[in-house]
Amino acid sequence: MEKIAIGVDMGTTQTKAVAFNQDGTVRTSAYVRYPLIQETEGMAEQEVNQIFQAVLTCIKQVVFEVHPLEVSLVSFSTAMHGLIVMDKKNQPLTQVITWADNRAEKYAEELKDTAVGQTLYQNTGLPMHPMTPFHKIRWIKEELPAIYNQAVMFIGMKEYVFYQLFDQYITDISTASGTGFLNIHDLTWDQQALSEMGINAEQLPKLVKPTHQLIGLKNEWIEVLGLSAKTIFVLGGADGPLSNLGLGALAKGTATLTVGTSGALRYIVEKPSTHPQAETFCCVLDEKHWVIGGATSNGAGIFDWACETLLKEVQDVARMSGKNPYDEVMKLVDETPVGAKGLLFHPYLLGERAPLWDAKATGSFVGLKRTHDNKLMMRAVIEGICLNLKRILTELEDLGGPINEIRATGGFADSEVFKKVMADVLGYNLSLTQSIEASALGAVLLGWQSLGEMADLEAACKQVKVYEIIKPNNKNHRVYQQMYPLFVVTQQQMCASYHQLAKLRADLG
């Protein structure tokens with residue numbers, strides 16, 4: 001009888017469980033959404049038990065739907081950089097403080113341009129930015145001492161799930177590489193990072209390989225999930241590296257692009273590699289593969305803002321006539337000239353991770369004239385998102401070597417116009433794969449490798465099929481090649497004002 005493998009992907013706004021057939025095709029899936037809690041400036045948290053219940057609900061639903069087929073394994077992917085503080089009774093003292101939480105910004109900035117900060121970056125592969133648990137712990141220590149003084153363990157959401165299911169504090173080296181505490185060279189907890197934060201390795205979960213297996217699910221969950229005590233659970237990894245695997249992008253010269261609410265470009269290399277100016281990250285997939293890349297906080301979420309701000313009436317009319325409002329906006333954009341008549345947009349409305357690593361970064365239109373209308377401004381927004389990703393891509397090529405192909409996924413791929421602009425700006429073919437559940441599939445591929453059902457990850461990548469290739473228009477690409485240096489120069493000039501602007505906003509309330 002055919003066996004089913006389940007990939008569980010715990011993301012920023014939803015958890016999804018995906019059941020895969022043995023050929024890697026999707027059999028069924030289930031998801032549960034949950035909100036970000038943003039009650040104060042810079043806050044971005046989630047309710048711990050809400051996510052745990054979402055994990056249980058999703059697994060239970062897909063197990064029910066594939067019955068009576070046997071579930072051979074359950075493997076996990078998780079969003080990176082989340083932090084939960086646990087007390088001596090193994091109860092959470094905090095909610096999940098997510099990657100999007102910027103309240104540790106002050107402490108990240110203190111280390112950013114120091115010798116200590118540079119050493120930590122070289123050791124851990126993560127720039128000094130408030131997204132990481134390393135800086136979040138410092139923030140808690142300094143500003144929430146009542147919580148810090150009760151702290152016994154510092155974990156993430158996946159570690160919380162595995163503790164509830166198996167009574168073990170355990171983490172894979174891929175997920176651990178998002179904490180700011182893992183040494184990406186020897187794959188152990190970094191002694192300098194621990195020393196700087198004043199904690200010890202016993203306060204962090206035990207490190208294991210991404211293919212590490214657990215059996216013996218606690219009795220209270222066996223009936224809830226519809227599984228048995230013999231069901232194999234595999235740790236899996238972090239969502240970014242697993243997305244590369246699920247998109248079949250292990251070969252040299254193949255990068256991945258994901259553009260959803262945020263965005264990221266990633267490139268797998270065979271040894272750790274860091275940037276001289278700390279503009280990229282280096283995370284772990286497994287013991288033989290590292291992922292260099294840059295994650296931007298400003299992806300298609302900025303497109304949503306622009307639609308509502310610049311072309312709300314167009315969207316309203318589309319909704320009233322039963323049309324897709326985004327499609328109607330993009331039709332207008334497609335009619336505007338490439339390059340938006342010389343208007344540039346820096347898309348840093350949410351601060352920025354790569355390539356700036358500055359939580360105080362702000363957005364700006366540069367070159368605005370009376371001849372620029374809302375449609376041209378909208379085109380500039382889309383081009384700005386793409387130009388920012390081009391800068392990240394340029395850094396990756398400098399570190400990892402020439403890129404031949406970009407495998408793309410995310411909500412932007414639903415728009416023909418957005419895809420065309422992206423290909424024209426980047427100047428590479430965009431290969432769209434049949435795997436839209438890339439991180440969940442990546443987790444399952446690790447699970448199959450763990451069970452010995454797959455010789456290596458390179459073999460696994462051959463299962464991923466490309467269904468569409470978007471080729472860049474050479475004429476349009478030449479326009480963007482002319483724009484790109486000016487985009488970079490003006491962005492660098494604006495950098496000098498970000499912190500002064502932040503102070504002005506604070507002074508003016």
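The values are calculated or read from the model by the stated rules, or taken from the named source; none is laboratory data. The structure presented is a predicted model; accordingly, all values stated were derived computationally and were not measured. When we count neighbours, we look across all protein chains shown, and the Cβ atoms used for this are built from the backbone with ideal geometry, even at glycine. These accessible areas exclude ligands, DNA and RNA; they are computed on the full protein's heavy atoms, side chains included. Shrake-Rupley method; radii C 1.70, N 1.55, O 1.52, S 1.80 Å.
Can you tell me how many residues within region 378-418 are part of a strand (DSSP E or B) and without any contact (Cβ under 8 Å) to a residue 60 or more places away in the chain?
Adding up the residues that qualify gives 0.
Test of understanding: among MET43, MET1, which residue is at pLDDT 95 or above and in a loop (DSSP other than H, G, I, E, B)?
MET43
Quick check, is MET422 open to solvent by 20 Å² or more (accessible area, probe 1.4 Å) and either assigned to a helix (DSSP H, G or I) or in contact with a Leu (Cβ under 9 Å, 6 or more places away or on another chain) (or both)?
Working: open to solvent by 20 Å² or more (accessible area, probe 1.4 Å): no; either assigned to a helix (DSSP H, G or I) or in contact with a Leu (Cβ under 9 Å, 6 or more places away or on another chain) (or both): yes.
Judged against the criteria, MET422 is not a match.
Would you say THR175 is among the β-branched types (Val, Ile, Thr) and in contact with a Ser or Thr (Cβ under 9 Å, 6 or more places away or on another chain)? First the steps, then the outcome.
Working: among the β-branched types (Val, Ile, Thr): yes; in contact with a Ser or Thr (Cβ under 9 Å, 6 or more places away or on another chain): yes.
So THR175 fits the description; yes.
Return the residues of region 456-491 that are in a strand (DSSP E or B), exposed (fewer than 13 other Cβ atoms within 10 Å of the Cβ) and among the aliphatic types (A, V, I, L, M); say none if nothing qualifies.
ILE469, the sole residue that qualifies.
Here is a yes/no grid of residues against (1) without any contact (Cβ under 8 Å) to a residue 40 or more places away in the chain; (2) within 27 Å of ALA17 (Cα to Cα):
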{"site": "LYS420", "(1), (2)": "no, no"}
{"site": "LEU426", "(1), (2)": "no, no"}
{"site": "SER431", "(1), (2)": "yes, yes"}
{"site": "SER439", "(1), (2)": "no, yes"}
{"site": "VAL444", "(1), (2)": "no, yes"}
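Given (1) under 19 Å from GLY299 (Cβ atoms); (2) not in a strand (DSSP E or B), identify the lone condition not met by GLN449.
For GLN449, the failing item is (1).
More than 26 Å from the chain's Cα centre (by Cα), among the aliphatic types (A, V, I, L, M), crowded, with 20+ Cβ neighbours inside 10 Å and at pLDDT 95 or above: is that true of VAL284 in this structure?
So VAL284 fails the test.
Have a look at LEU36, LEU73, LEU83 and point out the one that is open to solvent by 10 Å² or more (accessible area, probe 1.4 Å) and either in contact with an Asp or Glu (Cβ under 9 Å, 6 or more places away or on another chain) or of a type outside the set (Phe, Trp, Tyr) (or both).
LEU36
Residue check, LEU182 against (1) farther than 24 Å from MET43 by Cα; (2) out of contact with any Leu (no Cβ under 7 Å at 6 or more places or on another chain); (3) open to solvent by 10 Å² or more (accessible area, probe 1.4 Å), all met but one. Which one?
Result: LEU182 passes all but (3).
Just the residues that are touching a strand residue (DSSP E or B) at 6+ places or on another chain (Cβ under 6 Å), open to solvent by less than 20 Å² (accessible area, probe 1.4 Å) and not β-branched (Val, Ile, Thr), please, taken from region 246-268.
LEU247, ALA249, LEU250, ALA255, LEU257, GLY263, ALA264, LEU265, TYR267
Conditions: (1) surrounded by fewer than 24 Cβ atoms within 10 Å (Cβ to Cβ); (2) farther than 14 Å from THR309 by Cβ. ASN374 meets all but one. Number of the miss?
So ASN374 meets the others, but not (2).
TYR348 fails exactly one of the following numbered conditions: (1) in contact with a strand residue (DSSP E or B) (Cβ under 9 Å, 6 or more places away or on another chain); (2) over 30 Å from PRO276 (Cβ atoms); (3) aromatic (Phe, Trp, Tyr). What is the number of that condition?
(2)
Which members of region 492-508 meet the condition of being modelled with pLDDT under 95 and not in a helix (DSSP H, G or I)?
Hit for region 492-508 is ALA496, nothing else.
Take region 105-119 and flag every residue that is out of contact with any helix residue (DSSP H, G or I) (no Cβ under 6 Å at 6 or more places or on another chain) and surrounded by 15 or more Cβ atoms within 10 Å (Cβ to Cβ).
If the condition is that a residue be out of contact with any helix residue (DSSP H, G or I) (no Cβ under 6 Å at 6 or more places or on another chain) and surrounded by 15 or more Cβ atoms within 10 Å (Cβ to Cβ), then GLU105, LYS106, GLU109, LYS112, GLN118, THR119 are the ones that fit.
Residue under question is LYS271, and the condition is that it be open to solvent by 70 Å² or more (accessible area, probe 1.4 Å), free of Cβ contacts under 8 Å to residues at least 40 places away in the same chain and more than 24 Å from ALA413 (Cα to Cα); does it hold? Before the answer, list the steps.
On the way: open to solvent by 70 Å² or more (accessible area, probe 1.4 Å): yes; free of Cβ contacts under 8 Å to residues at least 40 places away in the same chain: yes; more than 24 Å from ALA413 (Cα to Cα): yes.
Answer is yes for this residue.
For region 131-150, which residues satisfy the criterion of being within 20 Å of GLN191 (Cα to Cα), of a type outside the set (Val, Ile, Thr) and either in contact with a Ser or Thr (Cβ under 9 Å, 6 or more places away or on another chain) or buried (at least 24 other Cβ atoms within 10 Å of the Cβ) (or both)?
PRO133, PHE134, HIS135, LYS136 - these are the residues of region 131-150 that are within 20 Å of GLN191 (Cα to Cα), of a type outside the set (Val, Ile, Thr) and either in contact with a Ser or Thr (Cβ under 9 Å, 6 or more places away or on another chain) or buried (at least 24 other Cβ atoms within 10 Å of the Cβ) (or both).
Collect the residues in region 148-167 that are touching a Leu at 6+ places or on another chain (Cβ under 7 Å) and either among the acidic types (Asp, Glu) or not in a helix (DSSP H, G or I) (or both), keeping them in residue-number order.
GLN150, ALA151, PHE154, GLY156 - these are the residues of region 148-167 that are touching a Leu at 6+ places or on another chain (Cβ under 7 Å) and either among the acidic types (Asp, Glu) or not in a helix (DSSP H, G or I) (or both).
Taking ASP23 as meeting all but one of (1) open to solvent by 10 Å² or more (accessible area, probe 1.4 Å); (2) in contact with a helix residue (DSSP H, G or I) (Cβ under 8 Å, 6 or more places away or on another chain), write down the number of the exception.
Single failed check for ASP23: (2).
Can you pull out the residues in region 223-245 that are open to solvent by less than 40 Å² (accessible area, probe 1.4 Å) and farther than 15 Å from TRP290 by Cα?
Residues satisfying the conditions are LEU225, LEU227, THR231, ILE232, PHE233, VAL234, LEU235.
Just wondering, is there one or more residues in region 342-356 that are assigned to a helix (DSSP H, G or I) and in the same structural domain as LEU389 (by the TED database)?
Yes, that holds for at least one residue.
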